[in-house]
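Data first, discussion second: the structure below is written as structure tokens.
The values are calculated or read from the model by the stated rules, or taken from the named source; none is laboratory data. These figures come from a predicted structure and were not determined experimentally. Every residue, glycine as well, gets a Cβ built from its backbone with ideal geometry; the counts of neighbours run over all protein chains shown. When the accessible area is computed, the model is the full protein with side chains, heavy atoms only, and any ligands, DNA or RNA have been set aside. Shrake-Rupley method; radii C 1.70, N 1.55, O 1.52, S 1.80 Å.
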Amino acid sequence: MRLALARLLKTYGYDVAPFESGDDFLKAVHSDRPDCMLLDLHMPRPTGFDVLASISSMHNPMPVIVITGHDEPDYAERVRGLGAADYLLKPLDESVLIDAIQRACPDGFLPSNQKF
């Protein structure tokens, strides 16, 4: 899924940096902060909830779009409480994903200038 999303976003002109784990992302985020993040809730430790909590505690956190294939009744409310810009369900519709990215990113958004 990670690689498929990276390929899709690259076709739209986005600069994409996929990470294999939440730990890998959290180690890299301080030196190379993305403009926006797509975050899967269900991954090995740390979970998406853990990563989102870490991001929300940062000074000036980047927008995070949460995706999941395992929706539960309280998930949308939980991720929004942790600062998520959007909550999307798999399978992802391409136009819904691109619309969510455009809503989450700052005004003046240009795909070739955005890093994920």
Task: Distance between modelled label sites at residue 96 and residue 50, nm, 7 Å Cα→Cβ extension - done: 2.8
Task: Cα radius of gyration and Dmax for the chain (Å) - done: 13.1, 36
Open item on the list: Give me the net charge for the shell around residue 84: Cβ to Cβ below 14 angstrom, other residues only, Lys and Arg +1, Asp and Glu -1.
Closed with: -3
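Return the carbon/sulfur percentage of the accessible area of the chain, one whole number, probe 1.4 Å, all protein chains in place. Kindly include the intermediate steps, with their values, before the conclusion.
Numbers: 3320 of 6610 Å².
The value for the chain is 50 percent carbon and sulfur by accessible area.
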Open item on the list: Apply the a/c threshold of 1.5 to the C-alpha gyration tensor of segment 1-50 and tell me whether it is rounded, prolate or oblate.
Closed with: oblate
Task: 1.4 Å probe accessible area per residue over segment 6-116, in Å² - done: 56
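Report the relative contact order of the chain, percent, no decimals, based on alpha-carbon pairs under 8 angstrom and at least 6 residues apart.
Relative contact order comes out at 32 percent.
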